[in-house]
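In what follows, a single structure is set out as structure tokens and then discussed.
The values are calculated or read from the model by the stated rules, or taken from the named source; none is laboratory data. Computed from a prediction, not measured in an experiment: that's the story for all the values here. Every residue, glycine as well, gets a Cβ built from its backbone with ideal geometry; the counts of neighbours run over all protein chains shown. Each accessible area value is taken on the protein alone, full model and side chains, heavy atoms only, with ligands, DNA and RNA left out. Shrake-Rupley method; radii C 1.70, N 1.55, O 1.52, S 1.80 Å.
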Amino acid sequence: MSRLEIVTPNKAQLVVEGLYKDLEHRIEASPPGLCPVDMSRAFLELCHAQTCGKCVPCRVGLGQLNNLITDVLDGKATMETLDLMEELAVSIMDSADCAIGYEAAHMVYKGLIGFRDDYEEHIREGRCTCKYKHPVPCVAVCPAQVDIPGYVALVGEGRYADAIKLIRKDNPFPTTCGFICEHPCEARCRRNMIDEAINIRGLKRTAADFAGNVEQPQCAPDTGKKIAIVGGGPGGLSTAYYLRLMGHAVTVFEMLPELGGMLRYGIPNYRLPKDRLDDDINAILSTGVEVKHGLRVGKDMTIQSLRAEYDAVLVTIGASTDKKLGIEGEDAEGVLSAVQFLRNVGKNIIEDLSGQEVAVIGGGNVSMDAVRTAVRMGAKKVSLLYRRRIADMTALPDEIEGAIAEGIEVRTLKAPSRIEKDEQGRLKGIYVTPQMISKVKNGRASVIPSGEEDIFVPCTTLIVAIGQNIESDHFEEAGLPVARGQIITEKFGGFDNIPGVFAGGDCATGPSSVIRAIGAAKVIAANIDEYLGFRHMISCDVDIPEPSLDDRVPCGRVNMGEREACERVKDFDGVEMGMTEKEARQEASRCLRCDHFGFGIFKGGREKLW
């Protein structure tokens, strides 16, 4: 007779585990705009089902809390009910035996504080303040509100030029975004409920790869109005594009020799080939946008002089200056900012780092660009120093994986302490203080010194990539409100006390993504047009294919391949390879067409004008 048994999961346990995974996918694909009170009730019921029932706070308290939320949703509650709920939630948090009860009550408590207006609206009006802003999840979370199901369907039918036309209605950088967009749309793709999100960025790239030269829409008749745009990055050029389509004369002032901003001088060629960036920029310029190079605001012209000459002025300079470490020895020869390092590479000033040891400080996409660029410049060893864990890095997971594949040494939980230099002031290396993970603050684990001795990391080049700032002195002198190095605008992108002057992009939001800059550009273009006394509309006359009624069976996602790491580190040629047409058709067929089915059919599924 045996004393112990090998435990294996039974059929019921396996099914429940599968249900947990299904629930995880469903939560992941939740569209924005759901009623937070109803969602709190649903999560509370799940937590109640997870309790063991031993302690009264869980067994009875959570049930009563659920009843009170249900009363709110059913219109039976009063304002006193909310006070009772808050008191009960705190009581459960203080007395529950385990995390199931505490966290369930804490979730309700946070909701009572965070979206109390929704609770009160249910009590007063019998409805929620939240509503579906858009029936299509991917479009709702795209900062530029691009018609994603529309162009995915067009790619599926091989109508690549039409797909580009449809994308340009909301985003004049289809090729660029096909290479480097951070694709927040995929996070809420409803296909996650079945298998994996649609490769939306990959399909955009496919459209750009196969479309060829696509003509721009006809510009509206000349309005006689002139607009000056300071900054030739994605935000400035996108605004210029839409204002030209509206019929206004636009002049872009750019201090660097070529347009593109950080797209050209910050993102390396291996991620965004510059000939492909030029495809988008040339398409924008073909609408009649005028450009003046080599002019810096505050030196060659002022906001006041531009405002006197033009009917409206837009400031869209990027975050082109670096943040300092603020440690001893930072003035050593060999210490560079990532901004300057990558800008030099963008200007084709390629320094030979052969035989050198390079260290990069940071954990964002810029730091990944810096380490991978250093490898391509011949460095013998490249180390990435980051004070938190890999899981805490803000860089895209694909960029982190790519850097590791290319031989980058990633040294986490190492905070810069002081920089060592020789008698001639040249860099010898950097001392880093070992860290240990600590309490979670604002949803992110903090770090504290571990108490171990500092570690010396030898290097001959140190690249600092811990953030960027804007040059804000001139704008503050010109009367624009500036706080912590950032221009503070109203929601419409302008200023109440300075009519005709607008600001957008990194200088108004802080360093952000390309697609967010484009989304802001749409808003500002429409508001400048309105300020000038017009109400032009941007549209696209492309017909969207009818959706297929075939069942959407589970199917793997097509991911784009990459060149072998041992080959790609030898040059700056593009790393990522596009899809074949066959792969693109299959990937497009996975789309559930939320613009047509479900809630999409009631609202039409798309905005045809803006």
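Can you give the relative contact order of the range 33-125 as a percent, counting alpha carbon pairs under 8 Å and 6+ residues apart?
This gives 36 percent for the range 33-125.
Stokes-Einstein D for the range 82-124 at 10 °C, 1.306 mPa s, Kirkwood Rh over Cα pairs, in µm²/s?
Reported coefficient: 150 µm²/s.
Would you mind counting up the charge near R388? Only other residues with Cβ under 11 Å from its Cβ, with Lys and Arg at +1 and Asp and Glu at -1.
Here the count lands on +3.
Across the range 534-545, in residue order, what do the Karplus-derived ³J(HN,Hα) couplings come to in whole Hz, using 6.51 cos²θ - 1.76 cosθ + 1.60 with θ = phi - 60° and x for Gly and Pro?
10, 8, 5, 10, 9, 9, 8, 9, 7, 7, 8, x
From the alpha carbon gyration tensor of the range 33-125, can you work out the equivalent ellipsoid semi-axes (sqrt of 5 times each eigenvalue) and give them in Å, largest to smallest?
For the range 33-125, the ellipsoid semi-axes come out as 22, 12, 11 Å.
Tally Lys and Arg at +1 and Asp and Glu at -1 over the other residues with C-beta under 11 Å from the C-beta of Y431: what net charge comes out?
My count for the surroundings of Y431 gives -1.
Once the Cα gyration tensor of the range 155-250 is diagonalised, what are the square roots of 5 times its eigenvalues, in whole Å and ordered largest first, as equivalent ellipsoid semi-axes?
Ellipsoid semi-axes (Å, largest first): 30, 16, 11.
Taking all protein chains in place and a 1.4 Å probe, what share, in percent, of the accessible surface of the range 184-292 do carbon and sulfur account for?
48
Using every Cα-Cα pair within the range 457-610, state what percent have a distance larger than 23 Å.
Considering the range 457-610, 67 percent of its Cα-Cα pairs are separated by more than 23 Å.
So how do 216-223, 588-595 stack up, highest first, on mean other-Cβ count within 10 Å?
For the peptides 216-223, 588-595, the packing ranking is 588-595, 216-223.
Which residues' amide hydrogens lie under 5 Å from the amide hydrogen of V501, considering only partners 5 or more residues apart or on another chain, with H built in the peptide plane?
V313, F495
State which entries of K381/K421; K292/K428; K169/K570; K225/K491; K299/K347 exceed 31 angstrom in Cα-Cα distance in the structure shown.
Check vs 31 Å cut-off fails for K292/K428; K169/K570.
Computed from the coordinates I sent, percent of Cα pairs over 34 Å apart equals one of (1) 45; (2) 54; (3) 62. Tell me the label.
Given (1) 45; (2) 54; (3) 62, the calculated one carries the label (2).
Need one value: the accessible area of Y102 in square angstrom, 1.4 angstrom probe, rounded to the nearest 10.
My reading of the accessible area for Y102 is about 80 Å².
With all pairs of different alpha carbon atoms counted, what Kirkwood hydrodynamic radius in Å does the range 202-307 show?
14.9
Which value in deg cm²/dmol, rounded to the nearest 500, describes the helix-derived mean residue ellipticity at 222 nm for the chain, given -39,500 (n - 2.57) per DSSP H run of n ≥ 4 and division by the residue count?
-11500 deg cm²/dmol
Report, to one decimal in Å, the Kirkwood hydrodynamic radius for the range 405-444 based on all distinct Cα pairs.
Radius from the Kirkwood sum: 13.0 Å.
Which far-off residues, 5 or more places away or on another chain, put their amide H under 5 Å from the one on E328, with H placed in the peptide plane?
Correct list: I419.
Find the percent of Cα-Cα distances in the range 323-467 that exceed 25 Å, and round it to a whole number.
Of all Cα-Cα distances in the range 323-467, 24 percent exceed 25 Å.
Which of N67, P481, A96 sits closest to the plus end of the dipole of the chain, meaning its Cα is farthest towards the positive end, when Lys and Arg get +1 and Asp and Glu get -1 on the C-beta?
The one lying farthest along the dipole's positive direction is N67.
Give a residue-ordered list of calculated ³J(HN,Hα) values for the range 347-362 (Karplus: 6.51 cos²θ - 1.76 cosθ + 1.60, θ = phi - 60°; whole Hz; x for Gly, Pro).
Result, rounded to whole Hz: 8, 6, 9, 9, 6, 7, 9, 4, x, 8, 9, 10, 10, 10, 9, x.
What's the Kirkwood radius of the range 520-606 in Å, using all Cα pairs?
After inverting the pairwise mean of 1/r, the radius is 17.8 Å.
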